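Notes for the one structure printed next.
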Amino acid sequence: MKIIMLGAPGAGKGTQAKKIAAKYEIPHISTGDIFRANIKNGTELGKKAKTYMDQGLLVPDELVVDLVVDRVNQDDCTKGYVLDGFPRTIPQAEALDKALESMDQKMDYAIDINVPDENIVNRMSGRRACVDCGATYHIVHAPTKEEGICDNCGGELILRDDDKPETVQKRLAVYHEQTQPLIDYYTEKGILKTVDGTVDLEDVFKAITGILGE
Ligand code: ADP
Ligand code: ADP
Ligand code: ZN
């Protein structure tokens, strides 16, 4: 099963993608996580990506596409995968389709998690990320057992630089301009499914499993 998660920054793509990956036993591929790991390790790719990410802008397509195409060609992806944060532009979607076509494959679902902009800024200011393992929490909606400490690995939790309100506004504008057109793109392909992302995260997951099947 090959799945794309769509939705504004903070809509809950990562949260749901992790749950999908665990339930259906497929890899969770997050381009944001890949970039953050590269930044942490000081790679050339990380250095290039950081200048865009810090401004709330998208990393150029040419730095993203090959990376994802290589990743979905790895052995653990034969049963499928859930893509989180990719594609984010029409050219990325077209490049992905072309790569899949050349392997005689196609995407099964594009799940759009719908959350209005008004809800996003609040949600992002409460998001906390683990500096060590990348796990994501929310101070109100998905709290850790001990404040400021990752349940998963004991690492320190931080507010991502790009989750500060000014940058979130920019990311939302970028989303509407460059990523939202993918909703029409996947509607035309006949694989778009929309879920309400404003409800409790377990209820969002129920809506998703209702689409994907048990
Ligand atoms: P969120 O989950 O909050 O939407 P991500 O972790 O997916 O954020 O992405 C963080 C940043 O990484 C984006 O703002 C963008 O700069 C960069 N990025 C991630 N994926 C892509 C992509 N497919 N194309 C371009 N830039 C990307
Ligand atoms: P995205 O990957 O789309 O940027 P995340 O999955 O990281 O979004 O979620 C953004 C923030 O909102 C996180 O702090 C997460 O814990 C929280 N969150 C996710 N889903 C919900 C929900 N349904 N209701 C409330 N908060 C949520
Ligand atoms: Zn951790």
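Just a few scattered comments:
- Residues of the stretch 62-96 classified as crowded, with 16+ Cβ neighbours inside 10 Å, assigned to a helix (DSSP H, G or I) and of a type outside the set (A, V, I, L, M), total: 2
- Only listed residue being more than 16 Å from ligand 3 (Cβ to nearest atom), of a type in the set (S, T, N, Q) and over 24 Å from Ala8 (Cα atoms), chosen from Gln92, Gln105: Gln105
- Within the stretch 149-163, the set of residues being open to solvent by 30 Å² or more (accessible area, probe 1.4 Å), within 14 Å of ligand 2 (Cβ to nearest atom) and in a loop (DSSP other than H, G, I, E, B) comprises Asp151, Asn152, Leu159, Arg160.
- Residue match in the stretch 2-9 (condition: crowded, with 23+ Cβ neighbours inside 10 Å, of a type in the set (Gly, Ala, Ser) and farther than 21 Å from Gln74 by Cα): yes
- Against the list (1) more than 16 Å from ligand 1 (Cβ to nearest atom); (2) open to solvent by 80 Å² or more (accessible area, probe 1.4 Å), the condition Lys170 fails is (1).
- Within the stretch 113-125, considering residues that are modelled with pLDDT of 95 or more and either within 13 Å of ligand 1 (Cβ to nearest atom) or of a type in the set (Val, Ile, Thr) (or both), the one nearest to Glu202 (Cα to Cα): Ile113
- Residue list for the stretch 184-211, restricted to those being in contact (Cβ under 8 Å) with a residue 40 or more places away in the chain, assigned to a helix (DSSP H, G or I) and surrounded by 16 or more Cβ atoms within 10 Å (Cβ to Cβ): Tyr185, Tyr186, Val204, Phe205, Ile208
- Residue check for Arg128: closer than 17 Å to Ala8 by Cα and surrounded by 20 or more Cβ atoms within 10 Å (Cβ to Cβ): no
- Scope the stretch 4-18; condition more than 6 Å from ligand 2 (Cβ to nearest atom) and either of a type in the set (A, V, I, L, M) or touching a Ser or Thr at 6+ places or on another chain (Cβ under 9 Å) (or both); matching residues: Ile4, Met5, Leu6, Ala8, Ala17, Lys18
- Matching residues, the stretch 97-118, being closer than 14 Å to Gly80 by Cβ and either touching a Cys at 6+ places or on another chain (Cβ under 7 Å) or not in a helix (DSSP H, G or I) (or both): Met103, Gln105, Lys106, Met107, Asp108, Tyr109, Ala110, Ile111
- The residues of the stretch 10-49 that are among the charged types (D, E, K, R) and surrounded by 22 or more Cβ atoms within 10 Å (Cβ to Cβ) amount to a single one, Lys13.
- Residues in the stretch 183-210 that are closer than 26 Å to Met124 by Cβ and among the aliphatic types (A, V, I, L, M): Ile183, Leu192, Val195, Val199, Leu201, Val204, Ala207, Ile208.
- Each residue in the stretch 97-107 was checked for being touching a residue at least 40 places away in the same chain (Cβ under 8 Å) and open to solvent by 50 Å² or more (accessible area, probe 1.4 Å), and 2 of them qualify.
The values are calculated or read from the model by the stated rules, or taken from the named source; none is laboratory data. Predicted, not measured: the structure shown is a model, and the values here were computed from it. Every residue, glycine among them, receives a Cβ derived from its backbone with ideal geometry; neighbour counts consider all protein chains shown. Please note that ligands, DNA and RNA were not included when accessible areas were found on the heavy atoms of the full protein model with its side chains. Shrake-Rupley method; radii C 1.70, N 1.55, O 1.52, S 1.80 Å.
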